[in-house]
Ligand code: SAH
Ligand code: SF4
Ligand code: F3S
């Protein structure tokens, strides 16, 4: 009986690379696959369908796909030897950018599907199951894929969830592949987003992170007609009682509108954390990147955001070694980091991407120089992050607990500033916002004690605080 059931059930395994939008897409694909009779496998070896959801942003990210495909080839052959078929699919931004070449370079791939075509996965899979090879769908259909994917399921979910509200980008920064892999900027209608948010809260979600490659450029069809901004959308979502916390990422400095800045000052559910990439500190480099903002614009923006929400934790993305970046230019990047002071940040060596203007620019910077600059900026950023975390020791912070921690009896959650926080506590607190006294800080996380808990107690803890009370005084 058990054997018969496992034989009949088809299984899938999705490996996700890249940004949070890929994480979200993988979840949506997984739900669509459930409707097609594919349940999730624990390992790729156990899967009849393996999907790589890929990222094209830097060369290293894209190369990972090919080394992964080498491993999958062995799995496919081993399964074949046992008389089991395996469909290998490549989705995401490498699929979009290099799909055709990939089919030629890696014949192990049966199916290539671009990020805007996931709603057509069922039909593509049926063809693959029928034995078709070299299937590819990398169109940019003029329809909303989300409308054609199955509605979010009501099954038990994590406490914190992603919700894509905007896709694509029209900005064409000269280093970036996103406008080519994700297509033109598109905002989902408000009603669709609110429905999805409500579904997620019914399944236990307490925190939503709204996603978009340019999330603050959101301009979706409003619930009452007209066009709504991201601020208005966030205000609407904050009205859903079970939503305790809201976040959004990634924002472009040019789209940080007045209403959004103001919202950071008066919407308690909007967390005091903002990821705002500036990429480079030199105006000359910023112009060559076509970022369409200067260092002073960025500093002025930070001043306005901090005026609205003084304790906001700022995060950023930085590229070092853009073509033509001199030592002097790079010094301006270090200066800007010192002037702003970040709670955390991501920094990268410039990676020339095929088809982007920056890849064809003369005066490329050597890898040696890029590495030295990366080390320098990362040392500064690490120091700032440690200082930010260290300053939390002795403070009492409201923590949303998301899951059991690594050591027994421990819970893991997040502070309002998006720091990971660990504390001893009962599993029943998962999904609750609880006051925690911060007692220690590491480079990447905080440790604390739940207020009211006995020294070693895992039972005698304070009851959950109410949603919406996680405001920092
Ligand atoms: N939409 C966001 C960024 C999305 S890509 C924005 O406009 O800020 C995520 C980050 O990857 C970028 O912020 C940038 O720092 C980095 N990145 C993008 N292209 C890159 C490249 N060619 N080389 C190195 N880093 C890159
Ligand atoms: Fe890429 Fe962001 Fe620039 Fe768009 S705004 S091109 S996603 S870096
Ligand atoms: Fe990578 Fe595509 Fe996201 S290139 S960063 S997966 S939008």
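Of all the strands (runs of 3 or more DSSP E) wholly in region 403-448, which have at least 1 residues that are surrounded by fewer than 16 Cβ atoms within 10 Å (Cβ to Cβ)?
410-414, 433-441
Only one of (1) without any contact (Cβ under 8 Å) to a residue 12 or more places away in the chain; (2) buried (at least 21 other Cβ atoms within 10 Å of the Cβ) fails for residue 130. Which number is that?
(2)
Could you tell me which of the residues 200, 210 is at negative phi, without any contact (Cβ under 8 Å) to a residue 60 or more places away in the chain and either within 16 Å of ligand 1 (Cβ to nearest atom) or in the same structural domain as residue 55 (by TED's automatic domain parsing) (or both)?
Among 200, 210, only 210 is at negative phi, without any contact (Cβ under 8 Å) to a residue 60 or more places away in the chain and either within 16 Å of ligand 1 (Cβ to nearest atom) or in the same structural domain as residue 55 (by TED's automatic domain parsing) (or both).
Can you pull out the residues in region 251-276 that are crowded, with 17+ Cβ neighbours inside 10 Å and in contact (Cβ under 8 Å) with a residue 60 or more places away in the chain?
Listed by number, the residues that qualify are 252, 269, 271, 272, 273.
Answer yes if at least one residue in region 161-175 is closer than 22 Å to residue 230 by Cβ and more than 15 Å from ligand 3 (Cβ to nearest atom), and no otherwise.
yes
Check every one of the strands (runs of 3 or more DSSP E) wholly within region 170-235 and list those with 2 or more residues that are within 20 Å of the chain's Cα centre (by Cα).
Answer list for region 170-235: 207-211.
List the number of the failed condition for residue 373; all other conditions in (1) closer than 30 Å to residue 157 by Cβ; (2) touching a residue at least 24 places away in the same chain (Cβ under 8 Å); (3) surrounded by 19 or more Cβ atoms within 10 Å (Cβ to Cβ) hold.
The single condition residue 373 does not satisfy is (1).
For region 33-43, name all the residues that are under 23 Å from the mean Cα position of the chain (by Cα) and buried (at least 20 other Cβ atoms within 10 Å of the Cβ).
Matches in region 33-43: 33 only.
Is it fair to say residue 152 is closer than 19 Å to residue 116 by Cα, more than 16 Å from ligand 1 (Cβ to nearest atom) and not assigned by TED's automatic domain parsing to the domain that holds residue 404?
So residue 152 fits the description; yes.
Could you tell me how many of the residues in region 310-344 are outside any loop (DSSP other than H, G, I, E, B) and more than 16 Å from ligand 3 (Cβ to nearest atom)?
Adding up the residues that qualify gives 18.
For (1) in contact with a helix residue (DSSP H, G or I) (Cβ under 6 Å, 6 or more places away or on another chain); (2) closer than 24 Å to residue 11 by Cα; (3) within 16 Å of ligand 2 (Cβ to nearest atom), each residue gets a yes or a no:
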| residue | (1), (2), (3) |
| --- | --- |
| 120 | no, yes, no |
| 125 | no, yes, no |
| 129 | no, yes, no |
| 144 | no, no, no |
| 149 | yes, yes, no |
| 159 | no, no, no |
| 165 | yes, no, yes |
| 170 | no, no, yes |
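Could you please let me know if residue 254 is more than 16 Å from ligand 3 (Cβ to nearest atom), assigned to a helix (DSSP H, G or I) and more than 18 Å from residue 302 (Cα to Cα)?
Judged against the criteria, residue 254 is not a match.
Any residue in region 342-355 that's closer than 20 Å to residue 101 by Cα: show its pairings with residues that are away from ligand 3 (no atom under 13 Å from the Cβ) and part of a loop (DSSP other than H, G, I, E, B) at Cβ separation under 9 Å, as long as the two are six or more apart or on different chains.
Pairs found: 352/323; 352/361; 352/364.
If I ask for residues that are more than 23 Å from the chain's Cα centre (by Cα) and in contact (Cβ under 8 Å) with a residue 24 or more places away in the chain, which ones from region 45-70 would you list?
Hits for region 45-70 are 45, 46, 47, 48, 49, 69.
Going residue by residue through region 278-290, is there one that turns out to be within 16 Å of ligand 3 (Cβ to nearest atom) and either part of a helix (DSSP H, G or I) or touching a strand residue (DSSP E or B) at 6+ places or on another chain (Cβ under 6 Å) (or both)?
yes
For region 59-116, enumerate the residues that are within 20 Å of residue 183 (Cβ to Cβ) and within 16 Å of ligand 1 (Cβ to nearest atom).
Within region 59-116, 61, 62, 92, 93, 94, 96, 97, 98, 115 meet the criteria.
Please go through region 257-285 and pick out each residue that is within 16 Å of ligand 1 (Cβ to nearest atom), more than 19 Å from the chain's Cα centre (by Cα) and under 20 Å from residue 211 (Cβ atoms).
Of everything in region 257-285, those that are within 16 Å of ligand 1 (Cβ to nearest atom), more than 19 Å from the chain's Cα centre (by Cα) and under 20 Å from residue 211 (Cβ atoms) turn out to be 257, 260.
Only one residue in 234, 163 is crowded, with 22+ Cβ neighbours inside 10 Å and either within 14 Å of ligand 1 (Cβ to nearest atom) or at pLDDT 95 or above (or both). Which one?
Just one listed residue meets the conditions, 234.
The values are calculated or read from the model by the stated rules, or taken from the named source; none is laboratory data. Computed from a predicted structure; not experimentally measured. Glycine gets a Cβ as well: all are built from the backbone with ideal geometry, and neighbour counts include every protein chain shown.
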